[in-house]
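K.L.:
This is the structure I want to talk about, given as structure tokens.
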Amino acid sequence: MSIYEKLDAAMSDNNADAFIDLLHEDAEFHRHATGTVLNKAEFSAMMRSMTGSSPTRSQARCIYENDDILVEHSFMDFADGTREAVLVVCTLEDGKIRRIETGATPVSAKAPA
């Protein structure tokens, strides 16, 4: 099973532990909105706090994946009614996610199914 398939299953099941298991010990999450970088422990805590709550992810698809990189796109719906198109780029190392960066664009209408 590819990293994307495992990531997609973890996200679809709201399984933070399965997602965290995909992270390299030296994983970093680069936050596009603030310019801050979270280490694995900080990112893991954030993922656990989001499990089962807003935002919800839909229409996820893998754009590209090989042994070095994963590019994914999805839509995120937030409790306040806002929606974003999110592009996620993960660099991979030793079969794990080493670095995650996201880019988000607010969208005003529900995307076609």
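K.L.:
Report the trypsin sites (Lys or Arg not before Pro) located in region 1-88 that are in a DSSP loop and have at most 16 other Cβ atoms inside 10 Å of their Cβ, or state none.
P.N.:
Values: sites: Lys6, Arg31, Lys40, Arg48, Arg57, Arg61, Arg83; in loops: Arg31.
Loop-located and lightly packed - Arg31.
K.L.:
Still on this structure, please answer the following. Taking the Kirkwood radius as the inverse of the mean 1/r across Cα pairs, report the Rg/Rh of the chain.
P.N.:
Working: Rg = 13.5 Å, Rh = 14.4 Å.
Rounded to two decimals, Rg over Rh is 0.94.
K.L.:
If I model a spin label at Thr91 and Met50 as a point 7 Å from the Cα along the Cα→Cβ vector, what separation in nanometres do I get?
P.N.:
Computed distance between label sites Thr91 and Met50 equals 2.1 nm.
K.L.:
Taking the chain as a Gaussian network, where each spring joins two C-alpha atoms under 10 Å apart, which residue of Leu38, Leu23, Leu92 fluctuates the most?
P.N.:
Leu38
K.L.:
Another question, then. In a GNM of the chain with a 10 Å cut-off on Cα contacts, which of Ala45, Ala60, Ala33 has the highest mean-square fluctuation?
P.N.:
Of Ala45, Ala60, Ala33, the Gaussian network model singles out Ala33 as fluctuating most.
K.L.:
Just report the Cα centroid separation between region 18-33 and region 54-113, whole Å.
P.N.:
Taking the Cα centre of each part, region 18-33 and region 54-113 sit 13 Å apart.
K.L.:
Roughly what angle does helix 3-12 make with the longest principal axis of the chain, taking Cα atoms, 0 to 90 degrees, to the nearest 10?
P.N.:
Its long axis makes an angle of about 50 degrees.
K.L.:
Report relative contact order for region 3-107 in percent, whole number only (criteria: Cα-Cα under 8 Å, sequence separation at least 6).
P.N.:
Details: 199 pairs, mean separation 26.8, N = 105.
Across region 3-107, relative contact order equals 25 percent.
K.L.:
What's the angle, to the nearest 10 degrees (0 to 90), between helix 40-50's Cα axis and the longest principal axis of the chain?
P.N.:
The helix 40-50 is inclined about 30 degrees to the chain.
K.L.:
Under a GNM of the chain (C-alpha, springs under 10 Å), which listed residue has the highest mean-square fluctuation: Ile20, Ile63, Ile97?
P.N.:
Answer for the Gaussian network model of the chain: Ile63.
Any read-out appearing in this document is the output of simple, stated calculations on the displayed coordinates, not a laboratory observation. Because the structure is predicted, anything quoted here is derived from the model rather than measured. Neighbour counts are summed over all protein chains in view; Cβ atoms, including those assigned to glycine, are modelled from backbone coordinates with ideal geometry.
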